[in-house]
């Protein structure tokens, strides 16, 4: 059941008439000698941590280590409760939750790196909101996380999920792709639809740079987690509607890696370019490190 390419995964899914999460569980069981039940139990722990980080970010007074973010997730959540949401309540909930997790991370709280700390809000924000909206039980959400992990594994093996190597497209882009695939399978989409959704996600933000102010995972990371959540939901909706990715997932990931390698080092998490080098960005960096 081993595979390293999406094309190989899809072939296994079709051959055995199984979903992505089922193939991934069998792969992990074979490679680690863990029982399927143990694999599921470990992923449940991750789901619980995701829920806790969302709760903490939306209920406690949080300030990031650099002081650049904190409380913004609450603002989005409160507006969706008191005003007519521009993007709808489901999207607002996903956005606020993704921001909440990022704020917890930036304040040294406990999160799940999914696939990285800098992109940690997207998968929980999306999957837990979908679970709430459609009354999906934890056991099924765990399956969704396993589907997401499959996409993350494929990207890690064939490209990168590190902003320092591939820019923010590799971090928030990968997280959005993971979340989109998970949503598709949770909504009874096919493995092909899940892979199409993941491919669409990456294509949507191809070339996105990583330019954190003062080198901290705060700004613009928080808003990019929010847009990553939106990207995941949009891409999942498109794929579930029958919209296909003209460029296959494997080719999209290969392209992402090439594009990331083409980015100058100033735009790969070094805080030497992009927003980090604006007059305000440099002023904030000085304030943070002078304190």
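The values are calculated or read from the model by the stated rules, or taken from the named source; none is laboratory data. A quick note: this is a predicted structure, and the numbers were derived from the prediction, not measured. All Cβ positions, glycine included, derive from the backbone under ideal geometry; neighbour counts span all protein chains shown.
Which pairs do you get when a residue that is without any contact (Cβ under 8 Å) to a residue 12 or more places away in the chain, found in the range 3-23, comes within reach of a residue that is surrounded by 13 or more Cβ atoms within 10 Å (Cβ to Cβ) and not in a helix (DSSP H, G or I), reach meaning Cβ atoms under 7 angstrom, with the pair 6+ apart or on two chains?
12/1; 12/3
Can residue 68 be described as surrounded by 13 or more Cβ atoms within 10 Å (Cβ to Cβ), assigned to a loop (DSSP other than H, G, I, E, B) and at pLDDT 95 or above?
Working: surrounded by 13 or more Cβ atoms within 10 Å (Cβ to Cβ): yes; assigned to a loop (DSSP other than H, G, I, E, B): yes; at pLDDT 95 or above: yes.
Yes.
State all residues of the range 188-197 that are in a helix (DSSP H, G or I) and farther than 17 Å from residue 127 by Cβ; if no residue qualifies, say none.
Listed by number, the residues that qualify are 191, 192, 195, 196.
For residue 48, only one of the following conditions fails: (1) touching a residue at least 60 places away in the same chain (Cβ under 8 Å); (2) surrounded by fewer than 20 Cβ atoms within 10 Å (Cβ to Cβ); (3) under 19 Å from the mean Cα position of the chain (by Cα). What is its number?
Result: residue 48 fails condition (1) only.
Are any residues in the range 198-234 touching a helix residue (DSSP H, G or I) at 6+ places or on another chain (Cβ under 6 Å), within 14 Å of residue 268 (Cα to Cα) and assigned to a helix (DSSP H, G or I), and if so, which ones?
Result: 213, 214, 221.
Looking at 228, 242, 207, 189 in this structure, which one is surrounded by 24 or more Cβ atoms within 10 Å (Cβ to Cβ) and under 30 Å from residue 130 (Cβ atoms)? Can you show your working first?
Values: 242 fails: surrounded by 24 or more Cβ atoms within 10 Å (Cβ to Cβ); 207 fails: surrounded by 24 or more Cβ atoms within 10 Å (Cβ to Cβ); 189 fails: surrounded by 24 or more Cβ atoms within 10 Å (Cβ to Cβ).
Answer to the check: 228.
From (1) touching a helix residue (DSSP H, G or I) at 6+ places or on another chain (Cβ under 9 Å); (2) modelled with pLDDT of 95 or more; (3) farther than 26 Å from residue 190 by Cα, pick out the condition that doesn't hold for residue 45.
Condition (1) is where residue 45 drops out.
Could you tell me which numbered condition residue 29 fails, if it satisfies all but one of (1) within 19 Å of the chain's Cα centre (by Cα); (2) crowded, with 16+ Cβ neighbours inside 10 Å?
Going through the list (1) within 19 Å of the chain's Cα centre (by Cα); (2) crowded, with 16+ Cβ neighbours inside 10 Å, residue 29 breaks only (1).
Looking for whichever is surrounded by 24 or more Cβ atoms within 10 Å (Cβ to Cβ) and more than 24 Å from residue 144 (Cβ to Cβ) here; the options are 212, 220. Which one fits? Show your work before the answer.
Working: 220 fails: surrounded by 24 or more Cβ atoms within 10 Å (Cβ to Cβ).
Step by step, each of 212, 220 is checked, and only 212 is surrounded by 24 or more Cβ atoms within 10 Å (Cβ to Cβ) and more than 24 Å from residue 144 (Cβ to Cβ).
Would you mind stating whether residue 127 is buried (at least 24 other Cβ atoms within 10 Å of the Cβ), under 16 Å from residue 43 (Cα atoms) and at pLDDT 95 or above?
Numbers: buried (at least 24 other Cβ atoms within 10 Å of the Cβ): yes; under 16 Å from residue 43 (Cα atoms): yes; at pLDDT 95 or above: yes.
So residue 127 passes the test.
Residues that are out of contact with any strand residue (DSSP E or B) (no Cβ under 7 Å at 6 or more places or on another chain), in a helix (DSSP H, G or I) and surrounded by 24 or more Cβ atoms within 10 Å (Cβ to Cβ): does the range 78-89 have at least one? Break it down stepwise before answering.
Start the filter on the range 78-89 by keeping residues that are out of contact with any strand residue (DSSP E or B) (no Cβ under 7 Å at 6 or more places or on another chain), which leaves 78-89.
Pick out the ones that are also in a helix (DSSP H, G or I) and you get 78-82, 89.
Adding the requirement that they be surrounded by 24 or more Cβ atoms within 10 Å (Cβ to Cβ) leaves none.
Within the range 78-89, not a single residue is out of contact with any strand residue (DSSP E or B) (no Cβ under 7 Å at 6 or more places or on another chain), in a helix (DSSP H, G or I) and surrounded by 24 or more Cβ atoms within 10 Å (Cβ to Cβ).
Which one is farthest from residue 71 (Cα to Cα) among residues in the range 235-252 that are free of Cβ contacts under 8 Å to residues at least 24 places away in the same chain and part of a helix (DSSP H, G or I)?
251
Taking the range 90-128, which residues are assigned to a loop (DSSP other than H, G, I, E, B) and touching a residue at least 60 places away in the same chain (Cβ under 8 Å)?
Within the range 90-128, the first condition is being assigned to a loop (DSSP other than H, G, I, E, B), and the residues that meet it are 107-116, 120-121.
The answer is 110, 111, 112, 114, 115, 120, 121.
For the range 256-284, which positions are part of a helix (DSSP H, G or I) and out of contact with any helix residue (DSSP H, G or I) (no Cβ under 8 Å at 6 or more places or on another chain)? Quick ask: steps written out before the conclusion?
Of the residues in the range 256-284, the ones part of a helix (DSSP H, G or I) are 256-262, 265-267, 274-277, 279-284.
Matches in the range 256-284: 258, 262, 265, 279, 280, 283.
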